[in-house]
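Chemist: The structure follows.
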Amino acid sequence: MRKIFTAILILPFLVSCGEWLDVQPKTSVEEEDLFSSEYGFKDALTGFYLKMGKTELYGQTMTYYYLDMLAGRYNNDPDGIIDSSPSTIYAYDGNYQSTVISIYSSLYNVIANINNFLKFVDQNRSVIHTENYYETMKGEALGLRAFLHFDLLRLFGPIYKDNPDGAAIPYRTKFDNVATPILPASEVMDLIIEDLLAAEELLDAHDSEIFNYDDSADPFTEMRQMRMNVWAVRAMLARVYCYKGDEQSKALALQYATSVIESGYFSLAGTDAYAATPITPTEQIFALYIDDYYQIIDPVFTNVSYSNSLAAYQTNVSMWYEVASDARYRNFSAPQGTAVGQPLLKCNKYIFTGSAYTEGRGSYNGLNSQPLIRLPEMYYIAAECTPDPDTAAGYLDEVIAQRSGRYNATFTTGFDQTDSRMIYGVSTGQTVRVNELMKEYIKEFYGEGQLFFFYKRFGFTAFPNCPAGDTMPLDNYQMPLPDDEYTYGNHN
């Protein structure tokens with residue numbers, strides 16, 4: 001896309017945040033100067049994460065805002081569209097055309113900067129003197145390139161299980177103005193896996209694997225959950241292989257998911273820990289630090305009237321959660337305000353207040369973080385990909401028990417047969433296993449943007465609180481490529 005890729009920025013990367021970023025304010029510099037020193041590479045790498053945390057990407061649109069609107073999380077939004085005309089949120093070339101184009105161009109802009117970084121990290125490798133830095137930096141960059149392309153595939157590609165050879169997106173691996181062909185989804189998937197495996201090889205034995213503040217460590221090597229670390233790469237391999245979905249891929253997804261679960265670096269939060277910090281710092285495998293995140297969050301969840309907030313009907317929220325026992329229900333405010341005469345609830349997951357959220361370098365508490373991969377997903381992937389129903393139920397029940405104290409909660413009768421039950425008032429047409437997973441994705445990933453991808457992966461034609469109504473047209477799952485891609489792209 002010529003219009004996108006000629007607009008690349010070598011960023012000033014100004015930031016005020018934790019020492020693990022190890023960045024000093026500076027003015028914008030030419031790329032030859034930026035990549036002439038080890039410090040310049042550190043600075044540039046940090047810039048990728050800062051761009052990802054902007055509101056047009058994971059700081060808002062692709063997590064708790066637009067992506068969760070598409071998944072039916074809300075009954076009210078600041079623009080009043082869900083309340084008045086919910087199905088129009090799928091008007092990708094109408095009401096939300098600018099949003100879709102912004103997602104596409106912003107993701108590819110970060111990818112282009114990553115490709116420029118990858119060119120120079122090899123070209124100027126001699127200036128990188130610190131042990132393990134080269135492998136760590138290049139591994140992070142390759143992992144990020146795969147991560148971003150995968151989200152582009154999940155948004156702009158076809159429903160993979162139905163049409164793996166359908167036209168999807170370009171896979172950009174160079175920083176240039178040469179048009180890149182739109183590839184079939186299966187080829188994009190192969191390139192994503194190739195990048196992730198290369199990243200894993202580089203990071204293995206070179207990543208510090210320090211997942212907390214460590215005053216004795218190089219600041220660039222601590223707080224690895226805030227960067228594309230080796231375990232985030234393995235979690236991504238679990239996510240990608242699970243999405244691919246054939247039996248061999250599911251076996252690999254299970255292998256990677258269980259390796260993350262058993263790594264010992266991450267732990268599920270019990271009910272008390274979850275209540276104190278619902279951002280679940282001990283579960284974060286990959287997250288973004290967004291400086292003063294409250295300035296983005298408050299205008300949609302906190303310092304705003306219910307009629308102008310992202311909010312859901314109390315009746316829906318209380319249907320999705322076991323109100324009396326599930327700690328995740330505590331994420332929601334007391335009912336206030338109304339939409340069509342119904343009380344509304346707002347999500348408090350990202351309200352960083354209370355004694356648990358303190359500044360300083362004690363134990364990491366998740367302040368100002370936006371999770372992108374968390375440990376429960378690894379349990380859900382394991383539950384989906386293991387052949388044995390009882391083993392699958394065990395993975396799901398482990399998360400449920402930690403969240404609510406309920407044991408043996410997963411329904412396993414006819415586990416891989418079409419479910420005849422109504423789930424949250426809806427007959428989904430999916431199997432019991434998938435519906436049990438759906439219930440957990442609804443509860444667990446509120447405000448994280450993962451539910452829409454789950455529905456798309458299985459091709460749900462009906463799901464709870466679907467903005468499209470009783471039937472979800474499958475076309476709604478695929479965002480159209482921007483016109484500029486067809487104008488400037490290489491489609492030979």
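Chemist: So which residues in region 8-51 are modelled with pLDDT of 50 or more and open to solvent by 30 Å² or more (accessible area, probe 1.4 Å)? Spell out how you get there, then give the answer.
Modeler: Here is the first cut: in region 8-51, the ones modelled with pLDDT of 50 or more are 29-51.
Once the filter is applied, which keeps residues that are modelled with pLDDT of 50 or more and open to solvent by 30 Å² or more (accessible area, probe 1.4 Å), region 8-51 yields Val29, Glu30, Glu31, Glu32, Asp33, Ser36, Ser37, Glu38, Tyr39, Leu50, Lys51.
Chemist: Tally up the residues in region 372-397 that are in contact with a Cys (Cβ under 8 Å, 6 or more places away or on another chain) and β-branched (Val, Ile, Thr), please.
Modeler: The qualifying residues number 1.
Chemist: Go through (1) part of a loop (DSSP other than H, G, I, E, B); (2) in contact (Cβ under 8 Å) with a residue 24 or more places away in the chain for Ala324 and report which single condition fails.
Modeler: Of (1) part of a loop (DSSP other than H, G, I, E, B); (2) in contact (Cβ under 8 Å) with a residue 24 or more places away in the chain, only one is false for Ala324: (2).
Chemist: From the residues in region 208-225 that are under 22 Å from the mean Cα position of the chain (by Cα) and part of a helix (DSSP H, G or I), which one is farthest from Pro371 (Cα to Cα)?
Modeler: At the first step, the residues of region 208-225 found to be under 22 Å from the mean Cα position of the chain (by Cα) are 209-212, 222-225.
This time we only want the ones that are part of a helix (DSSP H, G or I), so: 224-225.
On the way: Arg224: 13, Gln225: 9 Å.
The selected residue is Arg224.
Chemist: Mind listing whichever residues of region 231-252 are in contact (Cβ under 8 Å) with a residue 40 or more places away in the chain and of a type in the set (A, V, I, L, M)? Break it down into steps so the answer makes sense when it comes.
Modeler: First pass over region 231-252, keeping only residues in contact (Cβ under 8 Å) with a residue 40 or more places away in the chain: 231-233, 235-245, 250-251.
Answer for region 231-252, where residues must be in contact (Cβ under 8 Å) with a residue 40 or more places away in the chain and of a type in the set (A, V, I, L, M): Ala232, Val233, Ala235, Met236, Leu237, Ala238, Val240, Ala251.
Chemist: In addition: Asp484 passes all but one of (1) at pLDDT 95 or above; (2) assigned to a helix (DSSP H, G or I); which number fails?
Modeler: Single failed check for Asp484: (1).
Chemist: When you scan region 192-214, how many residues do you find that are touching a helix residue (DSSP H, G or I) at 6+ places or on another chain (Cβ under 7 Å), aliphatic (A, V, I, L, M) and open to solvent by 30 Å² or more (accessible area, probe 1.4 Å)? Before the answer, list the steps.
Modeler: Step one: list which residues in region 192-214 are touching a helix residue (DSSP H, G or I) at 6+ places or on another chain (Cβ under 7 Å), which gives 192-193, 195-196, 198-200, 202-204, 206-211.
Applying the additional criterion that residues be aliphatic (A, V, I, L, M) yields 192-193, 196, 198-199, 202-203, 210.
Still in the running and open to solvent by 30 Å² or more (accessible area, probe 1.4 Å): 198, 202, 210.
Residues flagged as touching a helix residue (DSSP H, G or I) at 6+ places or on another chain (Cβ under 7 Å), aliphatic (A, V, I, L, M) and open to solvent by 30 Å² or more (accessible area, probe 1.4 Å) within region 192-214 amount to 3.
Chemist: Another question, if that's okay. Would a scan of region 182-199 turn up a residue that is in contact with a Phe, Trp or Tyr (Cβ under 8 Å, 6 or more places away or on another chain), more than 16 Å from Ile285 (Cβ to Cβ) and assigned to a loop (DSSP other than H, G, I, E, B)?
Modeler: Among the residues of region 182-199, at least one is in contact with a Phe, Trp or Tyr (Cβ under 8 Å, 6 or more places away or on another chain), more than 16 Å from Ile285 (Cβ to Cβ) and assigned to a loop (DSSP other than H, G, I, E, B), which makes the answer yes.
Chemist: How many of the residues in region 349-382 are open to solvent by 40 Å² or more (accessible area, probe 1.4 Å) and more than 20 Å from Leu268 (Cβ to Cβ)? Steps first, please.
Modeler: Applying the first criterion (open to solvent by 40 Å² or more (accessible area, probe 1.4 Å)) to region 349-382 yields 353-355, 358-363.
Then drop every residue that is not more than 20 Å from Leu268 (Cβ to Cβ), which leaves 353-355, 358-362.
So the count comes out to 8.
Chemist: Considering only region 253-276, I want to know if a residue exists there that is surrounded by fewer than 16 Cβ atoms within 10 Å (Cβ to Cβ), farther than 23 Å from Arg403 by Cβ and in contact (Cβ under 8 Å) with a residue 40 or more places away in the chain.
Modeler: Looking for residues that are surrounded by fewer than 16 Cβ atoms within 10 Å (Cβ to Cβ), farther than 23 Å from Arg403 by Cβ and in contact (Cβ under 8 Å) with a residue 40 or more places away in the chain, one finds none in region 253-276, hence no.
Chemist: Kindly provide the set of residues from region 94-114 that are in contact with a Pro (Cβ under 6 Å, 6 or more places away or on another chain) and either open to solvent by 10 Å² or more (accessible area, probe 1.4 Å) or of a type in the set (Gly, Ala, Ser) (or both), ordered by number. Steps first, answer last, please.
Modeler: Restricting attention to region 94-114, the residues satisfying the condition of being in contact with a Pro (Cβ under 6 Å, 6 or more places away or on another chain) are 101, 104.
Once the filter is applied, which keeps residues that are in contact with a Pro (Cβ under 6 Å, 6 or more places away or on another chain) and either open to solvent by 10 Å² or more (accessible area, probe 1.4 Å) or of a type in the set (Gly, Ala, Ser) (or both), region 94-114 yields only Ile101.
Chemist: Under the condition of being farther than 22 Å from Gly139 by Cβ and not in a helix (DSSP H, G or I), which residue from region 226-261 is farthest from the chain's Cα centre (by Cα)?
Modeler: Going through the qualifying residues, I end up with Asp246.
Residues are listed down the side, and each one gets a yes or a no for (1) out of contact with any Cys (no Cβ under 9 Å at 6 or more places or on another chain); (2) over 24 Å from Asn476 (Cα atoms); (3) not hydrophobic (A, V, I, L, M, F, W, C):
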{"residue": "Leu57", "(1), (2), (3)": "yes, no, no"}
{"residue": "Met62", "(1), (2), (3)": "yes, no, no"}
{"residue": "Gly80", "(1), (2), (3)": "yes, no, yes"}
{"residue": "Ala91", "(1), (2), (3)": "yes, no, no"}
{"residue": "Tyr108", "(1), (2), (3)": "yes, no, yes"}
{"residue": "Asn113", "(1), (2), (3)": "yes, yes, yes"}
{"residue": "Asp122", "(1), (2), (3)": "yes, yes, yes"}
{"residue": "Arg125", "(1), (2), (3)": "yes, yes, yes"}
{"residue": "Leu144", "(1), (2), (3)": "yes, yes, no"}
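Chemist: Next up: Select from region 277-287 the residues that are open to solvent by less than 40 Å² (accessible area, probe 1.4 Å), of a type in the set (Val, Ile, Thr) and at negative phi and write down the one among them that is nearest to the chain's Cα centre (by Cα).
Modeler: Initial filter on region 277-287 (open to solvent by less than 40 Å² (accessible area, probe 1.4 Å)): 277-281, 283-287.
Imposing the further condition that a residue be of a type in the set (Val, Ile, Thr) reduces the set to 277, 279-280, 285.
Still in the list and also at negative phi: 277, 279, 285.
Details: Thr277: 19, Ile279: 14, Ile285: 11 Å.
So, considering only residues that are open to solvent by less than 40 Å² (accessible area, probe 1.4 Å), of a type in the set (Val, Ile, Thr) and at negative phi, the one nearest to the chain's Cα centre (by Cα) is Ile285.
Chemist: Tally time: how many residues in region 467-484 are open to solvent by 10 Å² or more (accessible area, probe 1.4 Å) and within 21 Å of the chain's Cα centre (by Cα)?
Modeler: Going through region 467-484 one residue at a time, the tally reaches 4.
Chemist: Inspect region 215-230 for any residue being without any contact (Cβ under 8 Å) to a residue 60 or more places away in the chain, within 18 Å of Gln284 (Cα to Cα), open to solvent by 30 Å² or more (accessible area, probe 1.4 Å) and not acidic (Asp, Glu) and give the result as yes or no.
Modeler: No, region 215-230 contains no residue that is without any contact (Cβ under 8 Å) to a residue 60 or more places away in the chain, within 18 Å of Gln284 (Cα to Cα), open to solvent by 30 Å² or more (accessible area, probe 1.4 Å) and not acidic (Asp, Glu).
Chemist: Scan region 262-312 for residues that are aliphatic (A, V, I, L, M) and part of a helix (DSSP H, G or I) and jot them down.
Modeler: Start the filter on region 262-312 by keeping residues that are aliphatic (A, V, I, L, M), which leaves 268-269, 273, 275-276, 279, 285, 287-288, 290, 296-297, 300, 304, 310-312.
Of everything in region 262-312, those that are aliphatic (A, V, I, L, M) and part of a helix (DSSP H, G or I) turn out to be Ala273, Ala275, Ala276, Ile296, Ile297, Val300.
One line per residue, one yes/no per condition, for (1) farther than 21 Å from Thr63 by Cβ; (2) in contact with a Cys (Cβ under 7 Å, 6 or more places away or on another chain); (3) open to solvent by 10 Å² or more (accessible area, probe 1.4 Å):
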{"site": "Val399", "(1), (2), (3)": "no, no, no"}
{"site": "Asn408", "(1), (2), (3)": "yes, no, yes"}
{"site": "Gln430", "(1), (2), (3)": "yes, no, yes"}
{"site": "Met438", "(1), (2), (3)": "no, no, no"}
{"site": "Tyr446", "(1), (2), (3)": "no, yes, no"}
{"site": "Gln450", "(1), (2), (3)": "no, no, yes"}
{"site": "Pro464", "(1), (2), (3)": "no, no, no"}
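Chemist: If I go through region 338-348 residue by residue, how many of them are farther than 17 Å from Ala275 by Cβ, open to solvent by 20 Å² or more (accessible area, probe 1.4 Å), in contact with a strand residue (DSSP E or B) (Cβ under 7 Å, 6 or more places away or on another chain) and in contact (Cβ under 8 Å) with a residue 40 or more places away in the chain?
Modeler: Residues that pass the stated criteria total 1.
Chemist: Still on this model: Which numbered condition trips up Ile290, out of (1) open to solvent by 20 Å² or more (accessible area, probe 1.4 Å); (2) out of contact with any Ser or Thr (no Cβ under 7 Å at 6 or more places or on another chain)?
Modeler: (1)
Chemist: Given the condition of a type in the set (D, E, K, R), under 30 Å from Met137 (Cα atoms) and open to solvent by 10 Å² or more (accessible area, probe 1.4 Å), answer yes or no: does some residue in region 69-87 qualify?
Modeler: Filtering region 69-87 down to residues of a type in the set (D, E, K, R) leaves 73, 77, 79, 83.
Next, from what is left, pick out any that are under 30 Å from Met137 (Cα atoms): none.
No, there is no match, as no residue in region 69-87 is of a type in the set (D, E, K, R), under 30 Å from Met137 (Cα atoms) and open to solvent by 10 Å² or more (accessible area, probe 1.4 Å).
Chemist: Filter region 370-397 down to the residues that are touching a Phe, Trp or Tyr at 6+ places or on another chain (Cβ under 6 Å) and closer than 30 Å to Thr353 by Cβ and list them by number.
Modeler: Once the filter is applied, which keeps residues that are touching a Phe, Trp or Tyr at 6+ places or on another chain (Cβ under 6 Å) and closer than 30 Å to Thr353 by Cβ, region 370-397 yields Gln370, Leu372, Ile373, Leu375, Tyr379.
The values are calculated or read from the model by the stated rules, or taken from the named source; none is laboratory data. As the structure is a prediction and not an experimental result, all values here were calculated from the model. For neighbour counting, all protein chains shown are included, and Cβ atoms are generated from backbone atoms with ideal geometry for every residue, glycine included. With ligands, DNA and RNA removed, areas are computed over all heavy atoms of the protein, side chains included. Shrake-Rupley method; radii C 1.70, N 1.55, O 1.52, S 1.80 Å.
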